[in-house]
Amino acid sequence: KCPRRRSGAVDTVQRQVAALEKTVQTLQAELSRSRKIFTMMGVTTVGGKTFVSTGWSDTFGNGRIFCNSAGGALAAPKSAAENAALTAMVKRNDKHIILSINDLQTEGRFVYLNGETLRYTNWKSEEPNDLKGEDCVVLQVDGLWNDISCNHKALIICEF
């Protein structure tokens, strides 16, 4: 009796494993499909960050509030790879994007929203120039940064 019970139990476990393997394959295929859809919808992942386009333009302040309320933050490229990913999103939308970078606290000292000093920059030649009190930053279609008025409306991209 013991060998049959073991054999039956082994058969049951093997069927369960086969069913789980099929489920994993189905989930992997669905995940791959979802990633493609998200990319088309304006979602890009690079490193540990996910950038999501809202599809609309607004000011630095309104974008900050929106992204925070969604559990994220305005986009803050901290590497060339992140800047390149955001540049690709800019090109798809043909709109500049507002970054979380500003010098609102101390003129000429650009920082991230949390006050952290910039570790990576990609300024356009002769920028930042503080023309007419520009304290916020946009990423342009060419991937370069330009300081602008915080009331300027640009595409809002949140990072998670």
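The values are calculated or read from the model by the stated rules, or taken from the named source; none is laboratory data. Worth saying up front: this structure is predicted, and the values here are computed from it rather than measured. Cβ placement follows ideal geometry from the backbone for every residue including glycine, while neighbour counts extend to all protein chains displayed.
Remarks
- Scanning segment 112-124 for residues that are touching a strand residue (DSSP E or B) at 6+ places or on another chain (Cβ under 8 Å) and either assigned to a helix (DSSP H, G or I) or more than 15 Å from CYS136 (Cβ to Cβ) (or both) yields THR117, ASN122.
The rows are residues; the columns are (1) closer than 20 Å to PHE51 by Cα; (2) among the charged types (D, E, K, R); (3) modelled with pLDDT of 95 or more; (4) surrounded by fewer than 21 Cβ atoms within 10 Å (Cβ to Cβ).
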site: SER79; (1), (2), (3), (4): yes, no, yes, yes
site: THR106; (1), (2), (3), (4): no, no, no, yes
site: TRP123; (1), (2), (3), (4): no, no, yes, yes
site: GLY133; (1), (2), (3), (4): no, no, no, yes
site: GLY143; (1), (2), (3), (4): yes, no, yes, yes
site: HIS152; (1), (2), (3), (4): no, no, yes, yes
site: ILE156; (1), (2), (3), (4): yes, no, yes, no
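- Cβ-Cβ contacts under 8 Å between residues 6 or more apart (or on different chains), taken from a first residue in segment 35-51 that is among the basic types (Lys, Arg) to a second residue that is at pLDDT 80 or above and surrounded by 15 or more Cβ atoms within 10 Å (Cβ to Cβ), are listed as LYS49/GLU82; LYS49/GLU159.
- Every residue from segment 136-157 that is closer than 20 Å to LYS78 by Cβ and in a loop (DSSP other than H, G, I, E, B): GLN140, ASP142, GLY143, LEU144
- Entry remark, segment 42-84: residues being more than 19 Å from LEU113 (Cα to Cα), in contact with a Gly (Cβ under 9 Å, 6 or more places away or on another chain) and among the hydrophobic types (A, V, I, L, M, F, W, C) number 2 in total.
- Here GLY55, GLY71, GLY42, GLY47 are screened, and the one residue that is surrounded by fewer than 17 Cβ atoms within 10 Å (Cβ to Cβ), more than 22 Å from ASP94 (Cα to Cα) and at pLDDT below 90 is GLY47.
- Filtered residue count, segment 63-111, keeping only those that are farther than 15 Å from VAL138 by Cβ, without any contact (Cβ under 8 Å) to a residue 60 or more places away in the chain and either in contact with a Leu (Cβ under 7 Å, 6 or more places away or on another chain) or among the small types (Gly, Ala, Ser) (or both): 9
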